[in-house]
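Nothing in this text is a laboratory measurement; each read-out follows from the coordinates by a stated rule. Note that the structure is a prediction, hence the values are computed from the model and not measured. As a convention, Cβ positions derive from the backbone with ideal geometry for all residues, glycine included, and neighbour counts pool all protein chains shown.
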């Protein structure tokens, strides 16, 4: 059976109405439509005539869309300020994720250095195992953080039918920022108890020509940038072209 | 006065929705029929356009909703909150003042109180 309100879904999402309100509106309209058809049939109309009368009583697509758009409170943040939710917000989210990762690593290093201090590890926890978790956390923050965030930006942009420019800008910014960061840690080992954590941007080394930016070093980030954008593109495609009922 | 979208009707759908929901919780179709019945079909809200108003009132805290199955069909029921009662009280006062002022003008009185 054709879904009579599907064009309305696209109109509302493109206009920035929050998907949660769009889904509920369409569901309520469908239920209302069913009630009206029942009422019209009870009044003696045939099935087709009852459906047509019910649709007319509900209002045209434009009137239904205008009613929703006249309520600014029902618009999503992505609809109101796409630059904030799809560009600036994701970069801040990445910075926050990194900050938490750094905090976790610093605490872990402090613990590894002073296992008998304030934070005593439980007996079942081997320090050798803990030393393996540290690098994994570092890899997760360095590679997984930007990937998760670009996937989220792409999915959000697609679901809310934002103009392509916003999720694209957000994904490029996060991918570039994420891949340009360079982490390095040395974990304490038997016979070498020192540890070290450094954080910097690739390419901020003096170049052979004397400039502050060394493009040859920075270009090592490019495969990660392209991989992140490919993941974002795949997520965008899946979210954008999924069946509307599941959106 | 069937044109619920005219400027003169601004605020009236909200007032009627809140007044009807003061008595009991209702779902959208039921609410539209209730308004039609109580106004002898003088005021007929566009049947589909009542939902954005309900969503906005819920978002502002004046209403709350819950999904309930009745007769094998699932419906979203809306009910009044204390904040909604306050809003209804304010709107009712404004409406009563406005109606009295218009009545005074129609009867040829001199000056109406400011709304």
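Dividing the radius of gyration of the alpha carbons in the stretch B:7-81 by their Kirkwood radius gives 0.96 for Rg/Rh.
The distance linking the stretch A:59-100 with the stretch B:28-80 is 26 Å (Cα centroid to Cα centroid, whole angstrom). Taking packing as the residue-averaged number of other Cβ atoms within 10 angstrom, the listed peptides A:96-104, A:34-42 run from highest to lowest as A:34-42, A:96-104.
For the stretch A:6-75, rounded, prolate or oblate, judged on the Cα gyration tensor with a ≥ b ≥ c (square roots of eigenvalues), a/c < 1.5 rounded, else prolate if a/b > b/c? Cα axes put the stretch A:6-75 in the prolate bin. Listed peptides A:52-65, B:47-60 appear in the order B:47-60, A:52-65 once ranked by packing, highest mean of other Cβ atoms within 10 Å at the front. Averaged over peptide A:25-35, the number of partner chain Cβ atoms lying within 10 Å of each residue's Cβ comes to 5.
When only Cα pairs below 8 angstrom with a gap of at least 6 residues are kept, chain B shows a relative contact order of 23 percent.
The C-alpha atoms of chain B define a longest principal axis, and helix B:28-38 lies at about 40 degrees to it. Among B:17, B:70, B:32, which one moves the most in a GNM of chain B with springs linking Cα atoms closer than 10 Å? Result: B:70 has the largest fluctuation of those listed. For the segment B:40-52, counting C-beta atoms of other chains within 10 Å of every residue's C-beta and taking the mean gives 6. For the peptide A:64-76, the mean number of other protein chain Cβ atoms found within 10 angstrom of a residue's Cβ is 4.
Kindly express, to the nearest 10 degrees and within the range 0 to 90, the angle between helix B:12-23's C-alpha long axis and the longest C-alpha principal axis of chain B. That works out to roughly 60 degrees.
Peptides A:231-239, B:37-45 ranked from most to least packed, by the mean per-residue count of other Cβ atoms within 10 Å: A:231-239, B:37-45. Computed from the C-beta positions of residue B:42 and residue A:163 and an R0 of 35 Å, the FRET efficiency is 0.20 to the nearest 0.05.
Mean-square fluctuations from a GNM of chain B, with a 10 angstrom spring cutoff on Cα atoms, peak among B:36, B:83, B:68 at B:68.
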